[in-house]
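Peer 1: Mind looking over this structure? Questions follow.
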Amino acid sequence: MKMECISIGDEIALGQSVDTNSPYMASVLAGLGLRMTFMSSAADDRDGIVSIIRTASQRSDIVLA
């Protein structure tokens, strides 16, 4: 099963903040025997968010945003 985590926010896309949630979730899920296969980021832009969610849903079974 492929899982993906999408971090959303201008502060992440602009490098003002480090995404610590995705690695944390990957660690917790690994402890449950699940594997995170992709981690993505998107700025606070509707078209960009829609695009990245579409891409993620095509390549992963579970998408966390």
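The values are calculated or read from the model by the stated rules, or taken from the named source; none is laboratory data. Just so we're clear, the structure is a prediction, and the values are computed from it rather than from any experiment. Keep in mind that these areas ignore ligands, DNA and RNA; they rest on the heavy atoms of the full protein, side chains included. Shrake-Rupley method; radii C 1.70, N 1.55, O 1.52, S 1.80 Å.
Peer 1: Take the solvent-accessible surface of the protein heavy atoms, probe 1.4 Å, and return the percent of it on the chain that carbon and sulfur atoms account for.
Peer 2: 52 percent
Peer 1: A further question follows. Calculate, in nm to one decimal, what Thr55 and Arg35 gain on full extension: separation in residues at 0.36 nm each, minus their alpha carbon distance.
Peer 2: Difference between extended and current length: 5.4 nm.
Peer 1: Given a 1.4 angstrom probe, what's the average accessible area per residue across the chain, in square angstrom?
Peer 2: Roughly 68 Å² per residue, with all protein chains present.
Peer 1: Shifting gears a bit: Cα axis of helix 46-59 to longest principal axis of the chain: angle in degrees, 0 to 90, nearest 10?
Peer 2: Its long axis makes an angle of about 20 degrees.
Peer 1: Continuing with this model, one more query. With everything on Cα atoms, drop me the angle between helix 21-31 and the longest principal axis of the chain, reported from 0 to 90° to the nearest 10.
Peer 2: Helix 21-31 and the main axis of the chain meet at about 10 degrees.
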